[in-house]
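J.: Let me begin by handing over the structure; questions about it come next.
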Amino acid sequence: MLTIPATSSILVPAPLTGAQRWAGAPSAALDHDGSLVLAHRERAGSDAMVLSRSDDGGATVREVARFGPEVAGAAMLERPALVRDDDGWWLFAGFASPDSPHWWVGLLRAPRLEDLARATVVPVLPGDATVGFKDPVVHRAADGSWRLWVCAHDLSEPGQEDRMSTLSCTSSDGTSWSEPTTVLTGRPGTWDARGARVSAVVDGFLAYDGRASAAENWFERTGWATLDGHRVPDAPVTDVRYLDVLDLPDGSRRLFFEARTPTGDHELRTALTPAGSGCSA
């Protein structure tokens, strides 16, 4: 199983100091030439989706475009899922309905990464009055089929909307999705009692963010589960959230994750696991 290295470097610093001043929620992908691209959420009073490219395999990035939640008439935006196909880029992201605890997942498509900032947002998982969806993780298989994991927030009880679980669904075209089914939920009396949100699929395991209470909202930690939702009991729980893992052409792996600082803001960090390092099962 993948081990998150104890040593990492700052890829994007927090935009400001203090609570809800964050850079993170990353999603990385490879372009057709093997170069690395990254999308991440930035929060500094208002939200922005930042699109970047890397010239050194993800050790550093340079911003090429950004957009805000207003592209979807939304109040906030959250973690993206970036996918490359033969025709260009797909970006799935969570958008917050104004004056509401409701979230929904929208899709942007464009031939070039930079063009995503001007793309039309199409709802793909709208949710309803009882459930909101955000933080998608999206995989496209070699046969063209799709699978999506999404964080679901139960909206049925006012004041308790931070509770989260993970649902999964499939698609043949990336736009029309099956009815989501539950994969992970919180476990009473444990470190993930308040909920479990899948952040990455690695070597046949689910990396997920969990927290014990509402007070730990925004301070989730990363644990591990099998694809059918059973926790891996001897896996370490690591004090980071929104882990993403990208396999590079040389066999190494680039990890991205969001980590909090002593002043309460969050920064986007990265680490590299070399090819043949024995860090995966």
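J.: Need one word for segment 13-273: rounded, prolate or oblate. Basis is the Cα gyration tensor (sqrt eigenvalues a ≥ b ≥ c); a/c below 1.5 gives rounded, then a/b vs b/c decides.
T.: Values: a/c = 1.22, a/b = 1.17, b/c = 1.04.
Rounded, since a/c falls under 1.5.
J.: Between Glu114 and Asp143, with labels modelled 7 Å along Cα→Cβ, what's the label distance in nm to one decimal, could you check?
T.: Inter-label distance under the simple model: 3.9 nm.
J.: Still on this structure, I have one more. For Pro101, what charge total do you get from the other residues with a beta carbon under 12 Å from its beta carbon, if Lys and Arg give +1 and Asp and Glu give -1? Before the final figure, lay out each step's value.
T.: On the way: positive: Lys134, Arg163; negative: Asp99, Asp154, Glu157, Glu161, Asp162.
Its environment carries a net charge of -3.
J.: Here's something else I'd like to know. Can you compute the modelled spin-label distance between Asp173 and Asp250, with each label point 7 Å from Cα toward Cβ, in nm?
T.: Rounded to a tenth, the inter-label distance reads 4.1 nm.
J.: Out of Pro262, Pro249, Pro80, any idea which swings most in a Gaussian network model of the chain, alpha carbons joined below 10 Å?
T.: Evaluated over the chain, the most mobile residue of the options is Pro262.
J.: Label-point separation (nm) for Ala215 and Ala235, each offset 7 Å from Cα along Cα-to-Cβ?
T.: Going from the Ala215 label point to the Ala235 one covers 2.7 nm.
J.: Moving to a separate point now. Rank the residues Cys169, Cys151 as a footprinting-exposure proxy: fewest other Cβ atoms within 10 Å of their Cβ go first. Present the calculation step by step, with values, prior to reporting the outcome.
T.: Values: Cys169 17, Cys151 27.
The order, fewest Cβ neighbours first, is Cys169, Cys151.
J.: Fully extended, how many nm does the chain gain between Thr263 and Arg187 (0.36 nm per residue separation, minus their Cα-Cα distance)?
T.: Numbers: separation 76, 0.36 × 76 = 27.36 nm, distance 2.99 nm.
Full extension from Thr263 to Arg187 adds 24.4 nm.
J.: Nearest 20 debye, what's the magnitude of the dipole of the chain about its Cα centre given +1 on Lys and Arg Cβ and -1 on Asp and Glu Cβ? Don't jump to the answer; show the numbers that get you there.
T.: Values: 26 positive and 38 negative charges, 85 e Å.
Roughly 400 debye for the chain.
J.: Okay, next question. Scan segment 54-116 for trypsin sites (Lys or Arg not before Pro) in coil per DSSP, keeping those whose Cβ has at most 16 other Cβ atoms within 10 Å, and list them by number. It would help to have the intermediate numbers written out before the result.
T.: Working: sites: Arg62, Arg66, Arg84, Arg109, Arg112; in loops: Arg112.
Qualifying residues, ordered by number: Arg112.
J.: While we're on this one: Distance from a point 7 Å along Cα→Cβ of Arg62 to each backbone N in segment 92-126: keep the residues under 19 Å and list them by number.
T.: 112-117
J.: Shifting gears a bit: Within the set of other residues whose C-beta is less than 15 Å from the C-beta of Ala235, count the net charge using Lys and Arg as +1 and Asp and Glu as -1.
T.: Values: positive: Arg187, Arg221, Arg231; negative: Asp192, Asp203, Asp209, Asp234, Asp239.
Result for the neighbourhood of Ala235: -2.
Every read-out reported here was derived from the displayed coordinates using simple, explicitly stated rules and does not represent laboratory data. Owing to the predicted nature of the structure, the values given are computational and were not obtained by experimental measurement. When we count neighbours, we look across all protein chains shown, and the Cβ atoms used for this are built from the backbone with ideal geometry, even at glycine.
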